[in-house]
Structure formats: structure tokens, C-alpha cells
Amino acid sequence: MCTVVIDVAPSPGEGARLLAVRDEDPDRPWDDLGQWWPDTHPGVVGIRDRRAGGAWLAADPAVGRLAVLLNRADVLGLPESDVRSRGSLALESVAGRSPQGHPPMHGFNLLEVTAQASRVLSWDGVELRETAVPAGVHMIAHDDLDDPGTARIDAWLPRFAAAADRAPAWDERWVAVLAESASLSPEDDRAIVRDNRAHGYPTMSLLFCTAEVAPGSLQVTSRVLADPGRWG
């Protein structure tokens, strides 16, 4: 139940910036931001899942592509024996290979960002849909872009939008809003820094990344939470 906030520049081709919060089982081994795939994806940096070898977030500064993977529910479940890991999606995306057709995977939202455009590819087990991310501030989690039925989007999208002027230190302002959101209990459905065990999932917020994709430039940083599911 990860969360991404993205601000797409008002003029086409001027890029986007984002804040992404990763929720995962804290007992599943992973590695912080680094170049973990030198043989298959040289120059790509990302957050690696050690078990499957894939990425939650991946970025290729040389070509100016970034991708973030968010899980979503399946409409039609697949037998586990037929399921392929979603961890390849972000890595393949920054290599210019987006999912097509009917991927043999559980549901996902794949956010793809370049300086030219941003979009979300959504798979629910039946249909793969593309949603362009228009100019302005938007949020996405386990359902559709800006979904008003997602409590944390309904609660916090206006605050992120209000803090999104394009002056320097945008990331500090957004992190301040993220810290403000952490005044809620991590079990609260409006929370962004989350403990999802109360909702039937073993996942907790582990880290957040900020990134900016602009013409000729891509920067990404990460901060690991000292205590999963807790701010501080």
C-alpha cells in the first residue's frame, strides 16, 4: 500500500518531481538506493528487493527515466504457480520496455516518469490501462490516480498541492507535510506513514524517496525510517 505524490510541471517537457513512500513486509530483505544491477542494467539506481532481485523504484539518470511500482488488488486472481514477480517492472520500464497485453502478475500501478511526460500503467488482472498524469499535483496508492475513495489521498492531496510552489526546497516542504501526516496513528486509514497490519497486510512504511526528473537531469534520494511504520 505504497503512496506517491507527484507534481508535473505546468509546461510540457519540463519534467516532474515526486515523493514516494514504500510499504513492505519489514522481514523481507531489501537494499537501499544503489546500483544493484551492473550486469543487466548498468547505471540504473534503485531500491532492490533481494528475494526476487527486482526493484520498487528504479531510475536511469543517463536516459532520464524513473519508475515506481505500487501494488493494487486483482479483480481476477491468478494461481500462485502462474504468477511472475512484479519486481521486474520498474527495471524494464527504465530500460524502455513497459508492460503490455496481459502480464502474468498480481495487480499493480506502475508510475513512469520522464522529462517529457508521466503516466500510470494499471493492471487489475483483467485489463492493462494507461492514465496520463496531467500538470499539477497528484497522488496514487493502491487504486486509481487521485482516487477520492482512498482516505490518505482525500486527506492529504490538498496539503501537498498547497506546498507545491516551484521555488527551491520543494522537497523539504513536502517532507514537512509527510511529517505532519505522521501525527496520525500509523493504523489510521488516512496515514501515509503506515502500519498496514491492522488492515490485514504484513506491510509497514520502510522508507521514502524524493526525486526530480528534468530535461538533462535526474536526481533521487532516499531516507530509511529508523522504526518501520513510525516517523522519526
Listed peptides 209-216, 3-10, 16-23 by packing density, highest first (mean Cβ within 10 Å): 16-23, 3-10, 209-216
Length-normalised contact order for segment 41-182 - Cα pairs under 8 Å, 6+ apart - percent: 17
Fully extended contour minus Cα-Cα distance, from Val175 to Ala161, at 0.36 nm per residue: 3.8 nm
Trypsin sites (Lys or Arg not before Pro) restricted to segment 95-159 and DSSP loop, no more than 14 other C-beta within 10 Å: Arg97
Karplus 3J(HN,Hα) series, Hz, for segment 61-69 with 6.51 cos²θ - 1.76 cosθ + 1.60 (x for Gly, Pro): x, 5, 10, x, 10, 9, 9, 10, 9
Neighbourhood net charge (11 Å Cβ-Cβ; Lys/Arg +1, Asp/Glu -1) for Val220: -2
Kirkwood-based Rg to Rh ratio, the chain, C-alpha trace: 0.93
Heavy-atom SASA rank of Ser181, Ser88 (probe 1.4 Å, accessible area, largest first): Ser88, Ser181
Spread of Cα-to-Cα distances over 10 Å intervals beginning at zero, given as percent, for segment 68-129: 22, 58, 17, 2
GluC sites (Glu not before Pro) restricted to DSSP loop in segment 1-108 with at most 13 other C-beta within 10 Å: none
Formal net charge of residues neighbouring Ser11 (Cβ-Cβ distance under 15 Å; K, R +1; D, E -1): 0
Relative packing of 100-106, 41-47, which averages over residues the other C-beta atoms within 10 Å, highest first: 41-47, 100-106
Accessible-area ranking of Asp39, Asp195, Asp25, largest first, probe 1.4 Å: Asp39, Asp25, Asp195
Computed helical MRE - 222 nm, the chain, DSSP H runs ≥ 4 contributing -39500 (n - 2.57), nearest 500: -4000 deg cm²/dmol
Surrounding net charge for Gly96, when Lys and Arg each add one and Asp and Glu each subtract one, Cβ distance under 12 Å: -1
Pairwise centroid distance, computed over Cα atoms, of segment 1-75 with segment 156-224, Å: 14
Neighbour-limited loop hits for GluC sites (Glu not before Pro), segment 112-142 (at most 14 other Cβ within 10 Å; DSSP other than H, G, I, E, B): Glu127
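The values are calculated or read from the model by the stated rules, or taken from the named source; none is laboratory data. All of these numbers come straight from a predicted model, not from anything done at the bench. Note: ideal-geometry Cβ built from the backbone for every residue, glycine included; neighbour counts use all protein chains shown. Note: areas computed on protein heavy atoms with side chains; ligands, DNA, RNA excluded. Shrake-Rupley method; radii C 1.70, N 1.55, O 1.52, S 1.80 Å.
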